[in-house]
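The values are calculated or read from the model by the stated rules, or taken from the named source; none is laboratory data. Computed from a prediction, not measured in an experiment: that's the story for all the values here. Reconstructed Cβ throughout: ideal geometry from the backbone, glycine too, with neighbour counts over all protein chains shown. Keep in mind that these areas ignore ligands, DNA and RNA; they rest on the heavy atoms of the full protein, side chains included. Shrake-Rupley method; radii C 1.70, N 1.55, O 1.52, S 1.80 Å.
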Amino acid sequence: MVRILKSGMNPETQLNISEGVQHTVRGIIADIRVRGDVALRELSQKFDGWNPASFRLSDEQIEAAINQVPSTQLESIRFSLEQVRTFARAQRSSIHDVEIETIPGVTLGHKVIPLNSAACYVPGGRYPMVASAIMSVATAKIAGVGRVLAVTPPKDGQPYPATVATMHLAGADEIYIMGGVQALAAVALGTETIAPVDMLVGPGNAYVAEAKRQLFGQVGIDLLAGPTETLVIADDSVDAEMVATDLLGQAEHGPNSPAVLLTTSEKLAGEVASEIERQLGQLKTAEVARQAWQDYGQILLAEDEAEMVRMADEIASEHVQILTRDPDYFLERMTNYGSLFLGPETNVAYGDKVIGTNHILPTGRAARYTGGLWVGKYLKTVTYQRATQAASVIVGRHCSVICAVEGFAGHQRQADLRVERYGKAEPAPATD
């Protein structure tokens with residue numbers, strides 16, 4: 001049985017925080033729905049101190065932003081873009097249209113069609129999340145989305161040049177500088193100056209995740225990607241420095257970012273706890289990381305690898321780092337995770353920034369029922385059917401029977417009409 005050596009915040013306290021977020025988000029969405037651009041401007045001024053002539057950047061403003069980005073940064077942005085595009089292209093090529101003849105004369109098929117429009121939200125409050133523009137916008141364009149909006153809040157009262165440059169290089173059709181719940185509500189519902197989109201995509205804080213949850217139905221969403229989560233699975237083959245580094249490397253995302261160590265080594269668990277304190281004394285983002293570790297960090301001690309698999313699947317973390325002798329043991333057995341990082345040679349930061357897999361991943365245990373963002377999230381699979389007259393008679397007779405069983409007289413008449421028109425007018429088979 002797993003022993004808890006360090007626990008996080010009381011679940012009841014977390015629930016109270018969540019209810020407060022829900023109430024705030026509901027009010028903002030309602031305001032945007034009623035007052036449109038007026039509400040957007042008021043909320044932007046209130047939360048971001050930002051009230052430009054236009055929230056959408058002009059071509060000249062985009063070009064000016066790109067010119068502010070050092071060439072070394074642009075080189076790394078382009079490298080990351082190419083890795084993400086390469087993997088996304090491979091994913092897209094694995095998805096095919098289908099057409100088959102199920103019985104003589106009946107043809108069924110599906111077509112895979114890109115969405116007409118999507119808005120990609122790129123967080124930028126505490127940190128300008130340049131890589132999120134790569135993950136969301138570039139993947140949308142590879143999928144073939146017709147109109148891709150890129151949306152990000154201002155940083156220190158201005159558009160953040162590197163984020164704007166990345167959005168443009170990734171292929172965004174429209175770039176908007178506006179943040180938070182009000183931005184998501186504006187692009188989902190539409191305003192006097194912003195045409196609504198069909199889907200919202202992207203990570204964010206608890207407010208952004210809740211906004212996506214409440215707007216779902218009005219628009220589609222990729223998934224609920226809230227505060228970053230990381231789970232490190234480790235045995236005694238790894239040292240405490242690496243484990244602590246990988247935990248704090250994700251805890252710095254925000255004060256409510258869970259970082260969990262699951263290990264079979266009690267010795268390592270004790271060493272990691274001490275090493276985290278040592279590293280927090282040196283880390284530039286220690287204020288945020290310390291709060292996250294204090295409130296949401298956990299250390300769990302398991303009896304063996306099998307128990308670690310069971311516990312990891314229960315946690316269903318967004319990121320799972322495997323620092324064990326046999327990482328493939330977990331690749332072969334785990335089922336609930338956003339993305340696996342196998343062995344000490346890779347880490348979550350690689351996935352977050354440049355390696356090519358997508359970093360927009362399920363949080364809040366959503367990994368139990370969905371994976372992360374990929375080209376398939378921007379595609380919809382629609383079906384079609386056709387039949388010859390002879391086949392319509394065969395299908396129609398069976399359809400008539402099932403309609404009669406269910407009591408759908410109008411449906412039954414649709415079937416019977418085809419049987420009458422295309423075959424001998426025979427009564428449908430009797431039902432028991």
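So here's what we get for this one:
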item: Net charge over other residues, Cβ less than 14 angstrom from the Cβ of residue 370 (K, R count +1; D, E count -1); result: +3
item: Potential extension, residue 342-residue 193 segment - 0.36 nm per residue separation minus Cα distance; result: 49.0 nm
item: Average silhouette area of the stretch 294-424, convex hull of alpha-carbon atoms, in square nanometres; result: 14.7 nm²
item: Full-stretch length increase - residue 304, residue 98 - with 0.36 nm per residue and alpha-carbon distance subtracted; result: 69.7 nm
item: Longest site-free stretch - the chain; sites: GluC sites (Glu not before Pro), DSSP loop, at most 12 other Cβ within 10 Å; result: 1-191
item: Within straight-line cross-link reach of residue 46, aspartates and glutamates at Cα separation under 16 Å, skipping those fewer than 8 residues along the same chain; result: 31, 37, 156
item: Inter-centroid distance (Cα atoms) of the stretch 358-383 relative to the stretch 291-354, Å; result: 19 Å
item: Accessible surface, per residue, of the chain when the full set of protein chains is kept, probe 1.4 Å, Å²; result: 48 Å²
item: The chain, accessible surface, carbon-and-sulfur percent (1.4 angstrom probe); result: 52 percent
item: For the stretch 183-316, size of Cβ-based charge dipole, Lys and Arg +1, Asp and Glu -1, in debye; result: 720 debye
item: q = 0.13, 0.14 Å⁻¹, the stretch 125-282: log10 I(q)/I(0) [Debye, one scatterer per Cα]; result: -0.71, -0.78
item: Taking the chain and dividing mean pair separation by its residue count, relative contact order in percent (alpha carbons under 8 Å, at least six apart); result: 19 percent
item: Within the chain, helix-based [θ] at 222 nm, where runs of 4 or more DSSP H residues each add -39,500 (n - 2.57), nearest 500; result: -14500 deg cm²/dmol
item: Set of lysines with alpha-carbon distance to residue 141 below 18 Å, sequence-local pairs under 8 removed; result: 377, 380
item: Qualifying lysines (Cα of each under 27 Å from Cα of residue 6; at least 8 residues distant if same chain); result: 267, 284
item: Extension gain from residue 413 to residue 332, taking 0.36 nm per residue of separation minus the Cα-Cα distance; result: 24.0 nm
item: Semi-axis lengths, Å, the stretch 126-189, gyration tensor of Cα atoms, sqrt of 5 times eigenvalues; result: 18, 15, 9
item: Of 335, 120, 225, farthest towards positive along the dipole that unit charges on Lys, Arg, Asp, Glu beta carbons give the chain; result: 120
item: Cα-centre dipole for the stretch 331-432 with unit charges at Cβ (Lys and Arg positive, Asp and Glu negative), debye to 20; result: 240 debye
item: Cβ charges +1 (Lys, Arg) and -1 (Asp, Glu), total dipole of the chain, debye; result: 1600 debye
item: All Cα pairs of the stretch 1-120, percent lying beyond 19 Å; result: 78 percent
item: Virtual spin-label span in nm between residue 388 and residue 64, 7 Å along Cα→Cβ; result: 6.8 nm
